[in-house]
Amino acid sequence: MEGLVVKLPSFPFLSPNISSSSSSSTFRLGFRRFSASISATVNEGFVSLGQLTRPDFPILHQEVNGSKLVYLDNAATSQKPTAVLKSLQNYYEAYNSNVHRGIHYLSAKATDEYELARKKVAAFINASDSAEIVFTRNATEAINLVAYSWGLSNLKPRDEIVLTIAEHHSAIVPWQIVAQKTGAILKFVSLDENEVPDVEKLREMISTSTKLVVVHHVSNVLGSVLPIEDIVIWAHAVGAKVLVDACQSVPHMVVDVQGLDADFLVASSHKMCGPTGIGFLFGKSNLLLTMPPFLGGGEMISDVFLDHSTYAEPPS
């Protein structure tokens, strides 16, 4: 998660005018800004980013059917670099223990690293407070958390939820279930002539009956990039909330939740070179504080009595 600034050697295709062994430069690569630390001059050939980073991924150091393995399914799940694998190994070898469950050295160390990871995620998406980051098993669970906690508490019969037909199933099915339970109505935005969600139709569909807009930021199927800032403005103008599926955008472009002003945003680690089984929900503090518990037990407990329990504050 600290990968906003990456040290790279000098290559002609990145910085053609640099040959010094001690100089440095800054350049744009895709959506991220990188700092290039020049240690040597490369005088021959074109070197791609793939060639540069391939050694960091052990799974690619194998042959399949007599050829080097080439993996092109990163939109589904990314492979894991050595740094991530070593970090996981270090946890199990050095401080494997329950988080927030003990006062001994290992538990304290695990808890500190756990909360440091939350702060890193908050900084990565520019959340105003690390307490706005709720760890989940994946983005699907994060969406379900919003659906069952916020949705069941706030939606009423004939309230409208606006989605596009290009949403991932994980962003549709929870709201179908919630709509059946609450009487809310799902409204879907179709595609335009370019086979991407019709943004103008989406704008027209948002009304005073709209209580929630659920949209992807980037689609790995259509390649659409939705204008989240505009959608948020349109939704907030009628008092509606916005949930953004950022699984494909957070790994590839700068995502600033304060700039977007979205109410909820979800993403998953396994699509951005992190381990499987972990994702996160960003939620504005004022909303998280009003949401009832999604799952009972564990860290969400403050005090437990035989006839009732009190609950911890977000993000627990």
| task | Give the residue from Met291, Leu281, Val162 lying farthest towards the positive end of the charge dipole for the range 128-291; charges sit on Cβ (+1 for Lys and Arg, -1 for Asp and Glu) and the dipole is referred to the Cα centre. | result | Met291
| request: Between Leu222 and Ile278, with labels modelled 7 Å along Cα→Cβ, what's the label distance in nm to one decimal, could you check? | output: 3.3 nm
| request: Nearest 5 is fine: what % of DSSP beta bridges in the range 128-291 come out antiparallel, could you say? | output: 40 percent
| message | Which residues among the range 162-185 fall inside the zone where the amide N is under 14 Å from a point 7 Å beyond the Cα of Ser207, along Cα→Cβ? | response | 162, 185
| note | For Cα extents along the principal axes in Å the list reads (1) 57, 53, 43; (2) 65, 46, 36; (3) 68, 61, 42; the calculated value is entry (3)
| remark: Relative contact order in percent for the chain (Cα pairs under 8 Å, 6+ apart) equals 17 percent
| message | Whole angstrom only: what separates the Cα centroid of the range 168-206 from the Cα centroid of the range 71-107? | response | 36 Å
| What nm distance separates the two modelled labels at Ile233 and Ile59, each placed 7 Å from Cα along Cα→Cβ? | 4.1 nm
| said: How large a share of the accessible area of the range 128-291, in percent, is made up of carbon and sulfur atoms when the probe is 1.4 Å and the other protein chains stay in place? | reply: 51 percent
| request: Determine the relative contact order of the range 80-186: mean sequence separation of Cα pairs under 8 Å and six or more apart, normalised by residue count, in whole percent. | output: 17 percent
| Solvent exposure ordering (accessible area, 1.4 Å, most first) of Ser268, Ser209, Ser316 | Ser316, Ser209, Ser268
| remark: Residue-ordered couplings for the range 253-266, obtained by feeding phi - 60° into the Karplus form 6.51 cos²θ - 1.76 cosθ + 1.60 and rounding to whole Hz (Gly and Pro as x), are 8, 5, 10, 10, 5, 6, x, 5, 6, 5, 7, 9, 8, 10
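In what sequence, largest accessible area first, do Arg101, Arg118, Arg203 appear using a 1.4 Å probe? Walk me through the numbers before you get to the answer.
Numbers: Arg101 145, Arg118 10, Arg203 120 Å².
I get Arg101, Arg203, Arg118, largest accessible area first.
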| task | Tabulate in residue order the Karplus-calculated ³J(HN,Hα) for the range 137-151, using 6.51 cos²θ - 1.76 cosθ + 1.60 with θ = phi - 60°, rounded to whole Hz; enter x for Gly and Pro. | result | 6, 5, 5, 4, 5, 4, 5, 4, 4, 5, 4, 7, 8, 6, x
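Which helices count as membrane-span-like in the chain under these terms: full DSSP H, at least 24 Å along the axis by C-alpha, Kyte-Doolittle mean of -1.0 or more? Write out the running numbers ahead of the final one.
On the way: long enough: 105-124 (28 Å, -0.36).
Span-like helices in the chain: 105-124.
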| field | Solvent-accessible heavy-atom area per residue, rounded to whole Å², over the chain at 1.4 Å | value | 54 Å²
| field | Antiparallel bridges, percent of DSSP beta bridges restricted to the chain (to nearest 5) | value | 55 percent
| task | Run down the lysines and flag those whose C-alpha is under 18 Å from the C-alpha of Lys68, throwing out any fewer than 8 positions away in its chain. | result | Lys80
| Between Lys109 and Arg158, what is the spin-label point distance in nm, taking each point 7 Å from the Cα along the Cα→C-beta axis? | 6.1 nm
| said: Lysine pairs in the range 128-291 with Cα distance under 23 Å, only those 8 or more apart or on different chains: how many are there? | reply: 15
| remark: Residues meeting the amide H criterion for Asp192 (H placed from the backbone, H to H distance under 5 Å, 5 or more places apart or on another chain) are Asp198
| Residues with amide H under 5 Å of Ser78's amide H, sequence separation 5 or more or different chain, H placed in the peptide plane at 1.01 Å from N; which? | Lys271, Met272, Cys273
| Given H placed on each backbone N at 1.01 Å, which residues far from Val242 in sequence or on other chains put an amide H within less than 5 Å of it? | Val213, Asp263, Phe264
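The values are calculated or read from the model by the stated rules, or taken from the named source; none is laboratory data. For clarity, every value in this text was computed on a predicted model and none was experimentally measured. All Cβ positions, glycine included, derive from the backbone under ideal geometry; neighbour counts span all protein chains shown. Please note that ligands, DNA and RNA were not included when accessible areas were found on the heavy atoms of the full protein model with its side chains. Shrake-Rupley method; radii C 1.70, N 1.55, O 1.52, S 1.80 Å.
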